[in-house]
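> One structure follows; several queries about it will come next.
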Amino acid sequence: MAELWEDVLRDKLAIQEAALVAVDAALLEGVLMRTEREPNASDVVNYAPFTLLPSAVPSALFEQAYAVQQDFNLLVDAVSQNKEFLEHTLASTIKVDDFTARLFRIHMQVLEEGLAQSVFLGINRSDYMFDCGVDGTPALKQIEINTIAASFGGLTSRTVAVHGRVLKVLGKSKEASRLLPNNPSKGLALGIAKAWELYGSQTAVVMFLVEEVQRNIFDQRCVENELWNRNIRVIRKRFRDVFEKGSLDDARRLYMDGQEVAVVYYREGYVPKNYDQQNWEARLLLERSRAVKCPDIATQLAGTKKVQQELSRPGTLERLLPGRAEAVARIRATFAGLYSLDMGEEGDKIAATAIADPDRFVLKPQREGGGNNLYGEELRQVLEKIRDSPERTSYILMDKIKPQPARNYLLRAHSPLQVSECISELGIFGVYVRQGTEMVMNKAAGHLLRTKAIEHADGGVAAGVAVLDTPYLV
């Protein structure tokens, strides 16, 4: 098969001109990040890294990814409500993974006290790669589902215009017109706005819970602006602000600086380094409140790798989604091979297989945020070290997905312009709102394509490895 943009890739002069246009277009459109040197200041910013050219995505797989998103929304919501399933699934993990254990303890404490929250908002992103099988036919395979702080819905809403401009400059107006519109920030804001409305207080605010270091602020501002446009007040606070100034009244309504909070949207709190003792106390306060948490702690636990692995066991989906055979079939079709490393014969066997043939697998800890997975020789060394220890149960094994690389230019500030062999990862944003037992909203809210050079095994845009991209359907 001829490579997409093959003619363009041969014309070095045209590429150089297009790259200059691309960078200016990115700045014009607001595809921005703060700099590493000044991560909390907006007086010096740069463009977020992105591909020069849109990347080919098989249209059938793109449609499949969209078609299954509502099913995944229902599944995440079902897992979050199933105390027994979470307890059973995470039993071995919480013995050896302190972070998951602490989240789980808060979950149990809140359930024992009785949930004050009656409206539930889920914003997730299901990530896939295109696995080239033995016969070369690409198949959609899920990498993971992110149930907390799924990012880049804002910036990816703005990259389509950049890639459209680049294609026009390269004399490809017809191709430019085929790029799909994409605005996840609007879809995410619709979900937050619906949850705010159902909370039932016109004067209450939406609180973005943000990190101490905020390089990716513009991505969040895209969603925030959509809420301001609907006359919904937004405040931005950190865990330490909640610890110092957050309080609950007798009805467990949450107040920050005297303002009632309707929705807490987490863009923080997904990795151990986000927490010290004060932050854990702040998290407990938030979870005990009546405010709509996005996600509540049960939904965060539903996104762990251990849950992902357990969902792939025969019969599990059927138990969680009874009477939804078609949804179960759509979900299962996206699963790659996933394997438990629990202590016992099954875990022993798969550990030995992976040590003997490490290039077949990826070793995944219970962590979000990119850059955590282990491959190849490193995977073998770690597994050999922990093969007889309960520590291995804090990981899962997954079949390594092997996509077909394609050439592209990855544009990064202060980096030379050079062609790279690249692979892409497609994410679909999902949004749902449940009030009591009634699902009020359930939709796919847009997509995110990220691309990286093949020499990088792992890592996303925020981790500094992948760059933003736009799908060109083929």
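The values are calculated or read from the model by the stated rules, or taken from the named source; none is laboratory data. All values derive from a computational prediction rather than experimental measurement. As a convention, Cβ positions derive from the backbone with ideal geometry for all residues, glycine included, and neighbour counts pool all protein chains shown. Each accessible area value is taken on the protein alone, full model and side chains, heavy atoms only, with ligands, DNA and RNA left out. Shrake-Rupley method; radii C 1.70, N 1.55, O 1.52, S 1.80 Å.
> Just checking: which of the helices (runs of 4 or more DSSP H) contained wholly in region 103-201 hold 2 or more residues that are assigned by the TED database to the domain that holds VAL292 and open to solvent by less than 30 Å² (accessible area, probe 1.4 Å)?
Here the list reads 156-169, 184-199.
> For region 235-255, what are the residues that are crowded, with 20+ Cβ neighbours inside 10 Å and either touching a Pro at 6+ places or on another chain (Cβ under 9 Å) or part of a strand (DSSP E or B) (or both)?
Result: LYS237, GLY246, LEU254.
> Give the residues of region 120-144 that are over 30 Å from GLY200 (Cα atoms) and of a type in the set (Val, Ile, Thr), sorted by residue number.
If the condition is that a residue be over 30 Å from GLY200 (Cα atoms) and of a type in the set (Val, Ile, Thr), then VAL134, THR137, ILE143 are the ones that fit.
> Residues THR451, THR393: which one is assigned by the TED database to the domain that holds ASP469, of a type in the set (Ser, Thr, Tyr) and buried (at least 21 other Cβ atoms within 10 Å of the Cβ)?
THR451
> Ok, one more. Quick one: in region 18-44, of everything that is among the acidic types (Asp, Glu) and in a helix (DSSP H, G or I), which residue is surrounded by the fewest Cβ atoms within 10 Å (Cβ to Cβ)?
ASP24
> Suppose we filter ALA91, ALA78, ALA65 for residues that are assigned by the TED database to the domain that holds GLY315 and either of a type in the set (Asp, Glu) or surrounded by 21 or more Cβ atoms within 10 Å (Cβ to Cβ) (or both); which single one remains?
That would be ALA65, the only listed residue that is assigned by the TED database to the domain that holds GLY315 and either of a type in the set (Asp, Glu) or surrounded by 21 or more Cβ atoms within 10 Å (Cβ to Cβ) (or both).
> Looking at (1) in contact with a strand residue (DSSP E or B) (Cβ under 8 Å, 6 or more places away or on another chain); (2) in the same structural domain as VAL263 (by the TED database), find the lone condition where GLU346 falls short.
Exception for GLU346: condition (2).
> Tell me whether region 272-290 contains one or more residues that are open to solvent by less than 10 Å² (accessible area, probe 1.4 Å) and either under 24 Å from CYS132 (Cβ atoms) or at pLDDT below 95 (or both).
No - not one qualifying residue is present in region 272-290.
> Follow-up question, since we're still on this one. For MET207, all conditions in the list (1) over 30 Å from LEU317 (Cα atoms); (2) assigned to a loop (DSSP other than H, G, I, E, B) hold save one; what is the number of the exception?
Unmet for MET207, out of (1) over 30 Å from LEU317 (Cα atoms); (2) assigned to a loop (DSSP other than H, G, I, E, B): (2).
> Checking GLY323 against (1) assigned by the TED database to the domain that holds ARG34; (2) outside any helix (DSSP H, G or I); (3) open to solvent by less than 80 Å² (accessible area, probe 1.4 Å), which single condition isn't satisfied?
So the condition that GLY323 fails would be (3).
> For THR451, are the conditions met, namely being closer than 27 Å to VAL45 by Cβ, of a type in the set (Val, Ile, Thr) and modelled with pLDDT of 95 or more?
Yes: the conditions hold for THR451.
> Now, a different point. Test of understanding: among VAL31, VAL96, which residue is within 17 Å of VAL467 (Cβ to Cβ) and in contact with a Ser or Thr (Cβ under 8 Å, 6 or more places away or on another chain)?
VAL31
> Kindly indicate whether VAL213 is outside any loop (DSSP other than H, G, I, E, B), more than 30 Å from SER340 (Cα to Cα) and of a type outside the set (D, E, K, R).
No; evaluated as a whole, the condition is false for this residue.
> Given the condition touching a helix residue (DSSP H, G or I) at 6+ places or on another chain (Cβ under 9 Å), of a type in the set (A, V, I, L, M) and open to solvent by 60 Å² or more (accessible area, probe 1.4 Å), answer yes or no: does some residue in region 408-422 qualify?
yes
> Just the residues that are open to solvent by 10 Å² or more (accessible area, probe 1.4 Å) and closer than 24 Å to PRO272 by Cα, please, taken from region 304-320.
Scanning region 304-320 gives THR304, GLN308, GLU310.
> Now, a different point. Which one of the conditions (1) free of Cβ contacts under 8 Å to residues at least 60 places away in the same chain; (2) under 18 Å from PHE99 (Cα atoms); (3) touching a strand residue (DSSP E or B) at 6+ places or on another chain (Cβ under 6 Å) does PHE239 fail to meet, given that it meets all the rest?
PHE239 satisfies every listed condition except (3).
> List pairs: first in region 34-53 and free of Cβ contacts under 8 Å to residues at least 24 places away in the same chain, second among the polar types (S, T, N, Q) and surrounded by fewer than 23 Cβ atoms within 10 Å (Cβ to Cβ), Cβ under 7 Å, 6+ apart or cross-chain?
From residues that are free of Cβ contacts under 8 Å to residues at least 24 places away in the same chain, the pairs are VAL44/THR35.
> Scan region 342-370 residue by residue and report those that are open to solvent by 80 Å² or more (accessible area, probe 1.4 Å), under 28 Å from ALA302 (Cβ atoms) and either assigned to a loop (DSSP other than H, G, I, E, B) or in contact (Cβ under 8 Å) with a residue 40 or more places away in the chain (or both).
Within region 342-370, MET343, ARG360 meet the criteria.
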